[in-house]
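As structure tokens, the structure follows; a few thoughts come after it.
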Amino acid sequence: MDLSQRTVEEVVHPTAAFLPVSAETRPYSEDVAQPSWEDSLLNPKNRIDSLDLPDAPLWRIDGCTGLGTQYYAVPVCLPRVPPMRMDVFIPENQPARIRDQLDLHRAFHTKDALRLSKLAITKHIIRTLQSWTKSTFEDIDAFERFYKSKPFGSRLVFENLSLDTGQIRVRVGPNHNLELQLLSLRRLTALWGEILLPLQVVDFYDLHVVSVLHDSVCLVRIRGELFIFKALVSGTKYLYHELKTLCTVEPHANIISRPIHLISKVCSFGGKRAIVGFTTFYHRHGSLRDILPQLRIHESLRREDQFKWSIQVAQALEHLRTRSSIYYPDLRLDNLVMSKDDDVIMVDFEQRGVWCEFAAPEINAIEYMRLIAIDDRMPREVSTKYLEIMRDLVPDYDSLQEDKYTNPQDGYNASWIALSPKEQEMAEVYMLGRLMWCIFEGVSGPQKAAVWQSYRWESALEFPEYDRTPPPLRELIDRCTRGTRPNLGSVIVRQQSQLLLRHHSGEQLDAGQVQAAAVDHWVVELKWAEEFLRERGRLRKLGLWNDNFYDRPRLQEVLEALFKIQTQYA
């Protein structure tokens, strides 16, 4: 089954349990019927004319998100590029001949600039933007005036995809809705008090993009110095929640320091000067996600560092819980960057959460309910049922779904807000267990060939298999991850850019069979999730619910165990 947005809805998400099985019978093997001349790649009209980049390209692509539909486009033709985040958006549904020739299946799970630059779609976008820029604007000065005049987060929308770049229609989509959601410094001060006063306010156009690292993160230069610029082109409520959190959390050596600058920009309508983002310190050594496999490959992953990093993360979590009463649902290797002293620094405090491979089963149980409740493809009776479950779990659920920032104390993550503080701690312990497994095995993630994202160095090892972890650590990790359930990866795997049945990867199967296997998996999981939440609710009303249902160790116990095991390997 090819990777696409449809794949997510029909296989990867629990919504698969309620969608009809696809009638698609396209087999996986190469032994397929020959296409007609009209559809054949031998027909010149069905082939890309060229993928050669221009001698002097006007644009660069720094990354990709949105399951291969959103590309971070940087106009390198400008002497100074403000972080406008005018990304390119391409239509998702494409015929097979276009998806295959433009590598759209691979773009679905490829995020980083290095590997993305080798894909046909990246070169095709650059060639299209080159032609569009030259044909639309009189000169570079005219293009620069256009570029800087648009609202932050506006889009370059490819209304169609064609193998002929000259046939692609490019439309500019101004993001006026984002400007309406942005708040001024005065408004934020009225909400939060004086916590922002120590921060220097810098004008948006004083920032110069060096590279786009993520859909919400740019590396920028301000007066010659490098900083991380954090801003969101949608969901600004998460940006303001993170800003408030970083300005109020008690400092810790292994938590990102408080913001350095507030970045303000005048909005197109009404002249409002809004806060569009903030800057933080730039840790240039990258994240553990990329560092760990490199150290493992070169046999330079030291036991003392593995213990140090595990202890630092556990101490940071304990600090957040005991000193600031904050839950941290975003614990994964991407969010642990390395300092110049080889210490881990925890980043990303939007509190949106992680995908199910890292999340605790009790979190996943609630998240399954939420994903079905918000999906407009669900039958009305189905969405209504799960919406009522969410409202029962989180009384303020409806207000949390609004786009407007409302200054909530606990953020917007309904699945975590539904839990008591102790339940949240146990969910953090679960994530810590999975993280320690990655650290001691030296891999980028707990699941090999994850559907959402491929890594530059993918391991053949998968949680809960062990190879390099010392026996005492294995016992601790197993205690931390009690309650682990078989995930979708136990049934369906990604092989390059296809979804296959794990135990039938050599057989000729069609997409409908893969979807049917996903349906079976999700029916079982949803039955468990509903029964778990129903029993939890019943026992809570009776005052008999155990907030540590899976009998995991507390964070302090994990720390004590780590220190004890560390002395054995000193």
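Selection over the stretch 323-356 of residues that are within 20 Å of Ala414 (Cβ to Cβ) and charged (D, E, K, R) gives a count of 5.
So, Val493, is that one within 25 Å of Val519 (Cα to Cα) and not in a loop (DSSP other than H, G, I, E, B) or not? I'd like the intermediate steps shown before the answer.
Working: within 25 Å of Val519 (Cα to Cα): yes; not in a loop (DSSP other than H, G, I, E, B): yes.
For Val493, the condition - within 25 Å of Val519 (Cα to Cα) and not in a loop (DSSP other than H, G, I, E, B) - is met.
If you go through the stretch 517-527, how many residues are closer than 19 Å to Gly489 by Cβ and loosely packed, with under 15 Cβ neighbours inside 10 Å? Total meeting the criteria: 3. Considering the stretch 107-161, and only residues there that are open to solvent by 20 Å² or more (accessible area, probe 1.4 Å) and among the β-branched types (Val, Ile, Thr), the residue that is nearest to Gln5 (Cα to Cα) turns out to be Val157. Picking from residues in the stretch 252-311 that are more than 23 Å from the chain's Cα centre (by Cα) and basic (Lys, Arg), the one that is farthest from Thr322 (Cα to Cα) is Lys272.
Within the stretch 103-119, identify whether any single residue is on the phi > 0 side of the Ramachandran plot and at pLDDT 90 or above, and answer yes or no.
Residues of the stretch 103-119 on the phi > 0 side of the Ramachandran plot: 103.
Filter once more, so that each one left must be at pLDDT 90 or above: 103.
Yes, because at least one residue in the stretch 103-119 is on the phi > 0 side of the Ramachandran plot and at pLDDT 90 or above.
Here the stretch 458-489 is the region considered, the condition is being assigned to a helix (DSSP H, G or I) and within 18 Å of Val8 (Cβ to Cβ), and the residue that is least open to solvent (accessible area, probe 1.4 Å) is Gly489.
Filtering the stretch 499-516 down to residues that are open to solvent by less than 40 Å² (accessible area, probe 1.4 Å) and either without any contact (Cβ under 8 Å) to a residue 40 or more places away in the chain or part of a helix (DSSP H, G or I) (or both), which residue is nearest to Ala314 (Cα to Cα)?
So in the stretch 499-516, the residues open to solvent by less than 40 Å² (accessible area, probe 1.4 Å) come out as 499-501, 509-512, 514-516.
Going one step further and asking which of them are either without any contact (Cβ under 8 Å) to a residue 40 or more places away in the chain or part of a helix (DSSP H, G or I) (or both), we end up with 501, 511-512, 514-516.
Working: Leu501: 37, Ala511: 42, Gly512: 44, Val514: 39, Gln515: 39, Ala516: 40 Å.
Ranking the qualifying residues of the stretch 499-516, first place goes to Leu501.
Has the stretch 341-358 got at least one residue that is within 23 Å of Thr280 (Cα to Cα), open to solvent by less than 10 Å² (accessible area, probe 1.4 Å), of a type in the set (A, V, I, L, M, F, W, C) and within 18 Å of the chain's Cα centre (by Cα)? The answer is yes; a qualifying residue exists. Checked across the stretch 533-544, the condition of being open to solvent by less than 20 Å² (accessible area, probe 1.4 Å), part of a loop (DSSP other than H, G, I, E, B) and farther than 21 Å from Ser415 by Cβ holds for no residue. Take the conditions more than 15 Å from Arg332 (Cα to Cα), within 23 Å of the chain's Cα centre (by Cα) and acidic (Asp, Glu) and apply them to Glu388. Does it pass? The answer is no for Glu388.
Take the residues in the stretch 199-214 that are of a type in the set (Val, Ile, Thr) and closer than 16 Å to Met84 by Cβ; name whichever of them is most open to solvent (accessible area, probe 1.4 Å). Reasoning before the result, please.
First, the residues of the stretch 199-214 that are of a type in the set (Val, Ile, Thr): 201-202, 209-210, 212.
Still in the running and closer than 16 Å to Met84 by Cβ: 202, 209-210, 212.
Values: Val202: 5, Val209: 14, Val210: 50, Val212: 11 Å².
Taking the candidates together, the pick is Val210.
Report whether or not Arg80 is surrounded by fewer than 21 Cβ atoms within 10 Å (Cβ to Cβ), under 25 Å from Cys218 (Cβ atoms) and at pLDDT below 95.
no
The values are calculated or read from the model by the stated rules, or taken from the named source; none is laboratory data. As the structure is a prediction and not an experimental result, all values here were calculated from the model. Note that each Cβ is placed from the backbone with ideal geometry, even for glycine, and that neighbours are counted across all protein chains shown. When the accessible area is computed, the model is the full protein with side chains, heavy atoms only, and any ligands, DNA or RNA have been set aside. Shrake-Rupley method; radii C 1.70, N 1.55, O 1.52, S 1.80 Å.
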